[in-house]
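Reading through the structure tokens given below for one structure.
The values are calculated or read from the model by the stated rules, or taken from the named source; none is laboratory data. Just so it is clear, the structure is predicted and the values come from calculations on it, not from any experiment. Positions of Cβ are generated from backbone atoms using ideal geometry, with glycine treated the same way; all protein chains shown enter the neighbour counts. In case anyone asks, the SASA skips ligands and DNA or RNA and just uses the protein heavy atoms, side chains included. Shrake-Rupley method; radii C 1.70, N 1.55, O 1.52, S 1.80 Å.
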Amino acid sequence: MDGNLKSEERSEFLSRLLDRRVDWRQGLKLTSGQKARYFAWCEENNVEYLLGSGVDGESSAYQGASVGAITDSSPRHVGDLTVGSIAGVGVDIQQISELFPQDLSAPKADESLTSIFSLRELSYAESSPDIRQTLTGIFAAKEAIIKACPDYVTRSLPDIEILQQSDGAPTHAGFLLSISHSGNYGMAIAAYLGPAAMQNPGQESLESADSRPTDANKTPQVNKQSGSRLHRILLWAKRLILILGTIGGIWVLVDKLNLLV
């Protein structure tokens with residue numbers, strides 16, 4: 001059990017996270033993003049992950065686990081629809097003010113952030129117009145990836161690194177990603193292309209253009225017909241992601257309007 005000082009620090013961190021005065025013994029309900037930040041704080045301070053008078057049924061499953069395990073890892077499939085090699089689909093939505101209730105200063109020195117984001121992700125977010133919005137979208141993409149492929153539940157969140165292609169589109173090997181923002185929300189959808197795509201992702205990242213060998217003998221030659229087929233598969237997969245993302249955005253908007261009526 002924590003001493004009085006550590007208990008006060010626990011309540012103080014949760015109060016800053018929730019942007020209101022709380023006591024950790026209240027049995028608080030946290031979103032997945034808030035859980036990730038709180039779990040990272042517990043690891044940083046070498047204390048148990050506690051909510052309420054003790055470890056509740058939900059948080060006990062996280063004890064000693066990686067931060068990446070804080071999520072529902074059930075795979076999402078699009079019914080019986082088969083689009084190319086899509087093996088699973090995940091979607092996640094986060095409220096920016098819940099994940100980051102306060103402005104971020106020196107994010108690379110904040111262990112509660114470096115336990116969730118890689119240094120390259122933090123650098124990219126720092127260069128964006130709104131660092132909190134960008135990091136919220138990146139976190140949603142990580143959660144969507146874990147939901148699309150349950151094998152990722154054992155990976156730490158910094159290892160599920162979201163990079164950017166030359167056109168600014170988000171990318172992670174073996175997945176098709178889409179990130180959207182609306183008001184105080186960030187939303188992401190991920191389509192898992194299966195084990196074969198993990199071995200030969202065919203995606204550009206921030207470092208791939210500079211680090212890839214230029215010797216043609218080291219690069220397998222791909223049949224033009226197979227390349228064309230793969231291109232069509234990826235094109236339809238991207239269209240599916242855009243359709244699902246649009247449906248999800250409309251659903252969120254309708255849900256919010258119902259709350260206002």
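Computed values, structure above
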item	result
Any hit, the stretch 167-177, residues being in a helix (DSSP H, G or I) and open to solvent by less than 20 Å² (accessible area, probe 1.4 Å)	no
Test: residue in the stretch 192-206 that is open to solvent by less than 50 Å² (accessible area, probe 1.4 Å), out of contact with any Cys (no Cβ under 7 Å at 6 or more places or on another chain) and at pLDDT 85 or above	yes
Cross-chain or 6+ apart pairs with Cβ under 8 Å, the stretch 100-114 first and closer than 14 Å to G33 by Cβ, then of a type in the set (S, T, N, Q)	F100/T136
The stretch 153-171 residues that are free of Cβ contacts under 8 Å to residues at least 40 places away in the same chain, paired with ones that are of a type in the set (S, T, N, Q) and in a loop (DSSP other than H, G, I, E, B) (beta carbon under 8 Å, 6 or more apart)	T171/Q165; T171/Q203; T171/S205
Filter pass, Y49 being assigned to a loop (DSSP other than H, G, I, E, B) and modelled with pLDDT of 80 or more	yes
